[in-house]
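The values are calculated or read from the model by the stated rules, or taken from the named source; none is laboratory data. Predicted, not measured: the structure shown is a model, and the values here were computed from it. Every residue, glycine as well, gets a Cβ built from its backbone with ideal geometry; the counts of neighbours run over all protein chains shown.
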Ligand SMILES: Cc1ncc(COP(=O)(O)O)c(C=O)c1O
């Protein structure tokens, strides 16, 4: 009889690159009766402390806006708020989420030019600089951590190029913020856009955008109002932000939410942010670095190669080539159905050749990485691949031991 080890579990462990596992106190924060989103106590006791604490996570002195939605909501809200139809935008496209940004820019009517980067390959900064000087765009966009290829791009350098040509710098940090060091102000990021369900380790359902003073100015200088009522970030300034923070609402006066904010999700985010700050950002980033490094050591010991250029390897998403003759979808199905651990296949053009594993939030730890490697070894063996039992786990364990 083949034993189905997953049968006794009610859900797979999420080792996909988001949504990710939630810390128990975050799950508990969801278990509350409904609150009234426009009630002053929700504003003062939950929403305000959460957005102020998020500034530390984003490493910004500017405003962090919470919206109902996901990463894509943040990207679209940011884009439609600063870009007017016909504005030139240089979109760095190094994977599936670069393509997403191009699509969003096209939808908001931008005159978008793609700066294509081969999937998994380095970004040529000199060529980018020349392209930016030629185009003189209103904005340059970058996906900091390309979740589709498991790569991290040099956001600080791209920020410098944007600044040198007077462009706004729009950064997708959906799979990096709170897992990788993201320095919003230091890097000159004008819109830092992310979602709640990845390294922040909060439930899916909130979009987050950190807005720089330059981005507010761009919104205020628009010839015409943004087409969207709900997602026009400028309304946050007018309805929500106090005068002392550069907004339009007299300090102490009641404020209005430009869109009703989900109270449960905000309560969970509040706890998620508290946990992040209690851990401390340097510790958190180091934890992701060590956990991803251990995962990679394990994968290498199993004889598998990483997909991207080795100088770009992400510490939150690992993109791994499957052995010849083994279908990634079959590995994913077997790991989920038989061993109770969910990982992902690659996306789009690398869907049939790669696997993706997240190390995000609490899953960046031996508690999650070692069983994942163990299940991967078992699944590959079940599918007929040659791998020494325990080699991957042993190598990862050694990496964890070396780091402690
Ligand atoms: C880098 C990146 N950008 C954007 C998105 C889209 O975010 P969401 O699925 O939260 O809308 C994702 C989702 O995986 C992502 O990884």
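For the range 22-44, the criterion of being within 16 Å of the ligand (Cβ to nearest atom), more than 22 Å from residue 213 (Cα to Cα) and in contact (Cβ under 8 Å) with a residue 60 or more places away in the chain is met by at least one residue.
Could you please let me know if residue 19 is assigned to a loop (DSSP other than H, G, I, E, B) and at pLDDT 95 or above? Yes: the conditions hold for residue 19.
One residue stands out among those in the range 185-201 that are more than 12 Å from the ligand (Cβ to nearest atom) and outside any loop (DSSP other than H, G, I, E, B): the one that is surrounded by the fewest Cβ atoms within 10 Å (Cβ to Cβ), which is 191.
If you go through the range 384-399 and keep only what is buried (at least 18 other Cβ atoms within 10 Å of the Cβ) and either part of a helix (DSSP H, G or I) or outside the structural domain of residue 323 (by TED's automatic domain parsing) (or both), you end up with 392, 393, 395, 396, 397, 399.
In the range 298-312, the residue that is nearest to residue 381 (Cα to Cα) out of those that are touching a residue at least 60 places away in the same chain (Cβ under 8 Å) and surrounded by fewer than 19 Cβ atoms within 10 Å (Cβ to Cβ) is 303.
For residue 71, are the conditions met, namely being under 24 Å from residue 218 (Cβ atoms), surrounded by 23 or more Cβ atoms within 10 Å (Cβ to Cβ) and within 12 Å of the ligand (Cβ to nearest atom)?
On the way: under 24 Å from residue 218 (Cβ atoms): yes; surrounded by 23 or more Cβ atoms within 10 Å (Cβ to Cβ): yes; within 12 Å of the ligand (Cβ to nearest atom): yes.
Yes: the conditions hold for residue 71.
Candidates 286, 324: the one that is at negative phi, without any contact (Cβ under 8 Å) to a residue 24 or more places away in the chain, outside the structural domain of residue 153 (by TED's automatic domain parsing) and outside any helix (DSSP H, G or I) is 324.
Of the set (1) in contact (Cβ under 8 Å) with a residue 60 or more places away in the chain; (2) more than 14 Å from the ligand (Cβ to nearest atom), all apply to residue 76 but (2). Residue 107 passes every criterion in (1) closer than 21 Å to residue 140 by Cβ; (2) more than 16 Å from the ligand (Cβ to nearest atom) apart from (2). Among the residues of the range 56-68, just one is more than 20 Å from residue 143 (Cα to Cα), surrounded by fewer than 22 Cβ atoms within 10 Å (Cβ to Cβ), within 19 Å of the chain's Cα centre (by Cα) and more than 16 Å from the ligand (Cβ to nearest atom), namely 56. Restricting to the range 232-251, what's the tally of residues that are in a loop (DSSP other than H, G, I, E, B), out of contact with any strand residue (DSSP E or B) (no Cβ under 8 Å at 6 or more places or on another chain) and farther than 26 Å from residue 196 by Cα? Looking only at that region, the number is 1. Condition first: more than 16 Å from residue 308 (Cα to Cα) and crowded, with 21+ Cβ neighbours inside 10 Å. Now tell me which residues in the range 345-371 satisfy that. Matches in the range 345-371: 359, 360, 361, 363, 364, 368, 369.
With a requirement of 1 or more residues that are farther than 29 Å from residue 201 by Cβ and out of contact with any helix residue (DSSP H, G or I) (no Cβ under 7 Å at 6 or more places or on another chain), the strands (runs of 3 or more DSSP E) lying completely within the range 48-159 that satisfy it span 111-116.
Residue by residue, here is whether (1) out of contact with any helix residue (DSSP H, G or I) (no Cβ under 7 Å at 6 or more places or on another chain); (2) assigned by TED's automatic domain parsing to the domain that holds residue 70; (3) without any contact (Cβ under 8 Å) to a residue 60 or more places away in the chain holds:
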{"position": "176", "(1), (2), (3)": "yes, yes, no"}
{"position": "214", "(1), (2), (3)": "yes, yes, yes"}
{"position": "254", "(1), (2), (3)": "no, yes, no"}
{"position": "259", "(1), (2), (3)": "yes, yes, no"}
{"position": "268", "(1), (2), (3)": "no, yes, no"}
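Residues in the range 154-184 that are surrounded by fewer than 24 Cβ atoms within 10 Å (Cβ to Cβ), closer than 20 Å to residue 71 by Cβ and within 16 Å of the ligand (Cβ to nearest atom): 180 only. Would you say residue 109 is modelled with pLDDT of 95 or more and either within 21 Å of the chain's Cα centre (by Cα) or in the same structural domain as residue 347 (by TED's automatic domain parsing) (or both)? Answer is no for this residue.
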